[in-house]
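Participant: A single structure is presented below for examination.
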Ligand code: AMP
């Protein structure tokens, strides 16, 4: 199963991709997570990407395409893409490389979310630097404020989750990533799902579509 999950920052792509990966036993390929790991490792790619990420801008296509082509090549059992493709050029490169293997994306899901929900969600987001568990100061607080329930590690805020950077990320999304939704709509069915509400309801909606695909 090859799935692309589209949506603005804060739409819930990470949360839902993780659930999809667990349920259908496919790889969760998050371009943002891979970039953060490269940064933490101090790699050449990580160093090149950091300025763009901290400003809420996109990392250049050539770096991303090379990184994601490698990740996709290692996901023989299928995947769900989280945060890629984010430009029309990236979508074209993905399609071309799939076509070369006589393959195609099986389903495109687009999580639709309003700007005020994005701001509220992202600026309240905190995560555990050790195990990666994500919390929200209001909507999903840890049992002890500021501390991971699982391992007691102090929670951190991503440097690009501040209000100023989130506004830039939203602008970047509308300028460069929303056209990717139209790119796919011109070529296949795009499953639009309202993602403003409760995450369990959104997941149920996504699973209903993917279960139908898995039964085919
Ligand atoms: P995310 O965790 O998906 O919000 O990604 C965090 C940051 O990584 C983004 O704001 C971009 O700077 C960069 N990034 C992630 N995926 C891509 C991509 N497909 N193309 C360009 N930049 C990306």
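Readers should treat all values here as calculations from the given coordinates under stated rules, not as data from a laboratory. Computed from a prediction, not measured in an experiment: that's the story for all the values here. Positions of Cβ are generated from backbone atoms using ideal geometry, with glycine treated the same way; all protein chains shown enter the neighbour counts.
Participant: For the range 45-68, how many residues are loosely packed, with under 13 Cβ neighbours inside 10 Å, closer than 27 Å to residue 100 by Cβ and more than 8 Å from the ligand (Cβ to nearest atom)?
Facilitator: Residues flagged as loosely packed, with under 13 Cβ neighbours inside 10 Å, closer than 27 Å to residue 100 by Cβ and more than 8 Å from the ligand (Cβ to nearest atom) within the range 45-68 amount to 2.
Participant: May I pose another question? Could you count how many residues in the range 20-45 are under 17 Å from residue 76 (Cα atoms) and in contact (Cβ under 8 Å) with a residue 12 or more places away in the chain?
Facilitator: Of the residues in the range 20-45, 10 are under 17 Å from residue 76 (Cα atoms) and in contact (Cβ under 8 Å) with a residue 12 or more places away in the chain.
Participant: Let me spell it out: the conditions are (1) farther than 28 Å from residue 107 by Cα; (2) part of a strand (DSSP E or B), and residue 193 meets all of them except one. Which number is the exception?
Facilitator: Tallying (1) farther than 28 Å from residue 107 by Cα; (2) part of a strand (DSSP E or B), residue 193 fails exactly one: (1).
Participant: Can you confirm whether the range 99-112 contains a residue that is closer than 17 Å to residue 158 by Cα, outside any helix (DSSP H, G or I) and free of Cβ contacts under 8 Å to residues at least 40 places away in the same chain?
Facilitator: no
Participant: Would you mind telling me which numbered condition in (1) in contact (Cβ under 8 Å) with a residue 60 or more places away in the chain; (2) within 11 Å of the ligand (Cβ to nearest atom) residue 1 fails?
Facilitator: Of the numbered conditions (1) in contact (Cβ under 8 Å) with a residue 60 or more places away in the chain; (2) within 11 Å of the ligand (Cβ to nearest atom), the odd one out for residue 1 is (2).
Participant: Let me ask something additional. Kindly indicate the residue of the range 7-17 that is assigned to a helix (DSSP H, G or I) and near the ligand (Cβ under 8 Å from one of its atoms) and also surrounded by the most Cβ atoms within 10 Å (Cβ to Cβ) among those meeting that condition.
Facilitator: In this case the residue turns out to be 13.
Participant: What residue, among those in the range 92-105 that are closer than 13 Å to residue 187 by Cβ and in contact with a strand residue (DSSP E or B) (Cβ under 9 Å, 6 or more places away or on another chain), is farthest from the ligand (Cβ to nearest atom)?
Facilitator: Ranking the qualifying residues of the range 92-105, first place goes to 104.
Participant: While we're here: If you go through the range 18-40, how many residues are within 10 Å of the ligand (Cβ to nearest atom) and assigned to a helix (DSSP H, G or I)?
Facilitator: Final tally of qualifying residues: 7.
Participant: Specify which of the listed residues (89, 116) is part of a helix (DSSP H, G or I) and more than 13 Å from the ligand (Cβ to nearest atom).
Facilitator: Only one candidate qualifies: 116.
Participant: Given the condition over 25 Å from residue 59 (Cβ atoms), assigned to a loop (DSSP other than H, G, I, E, B) and within 16 Å of the ligand (Cβ to nearest atom), answer yes or no: does some residue in the range 128-148 qualify?
Facilitator: Yes.
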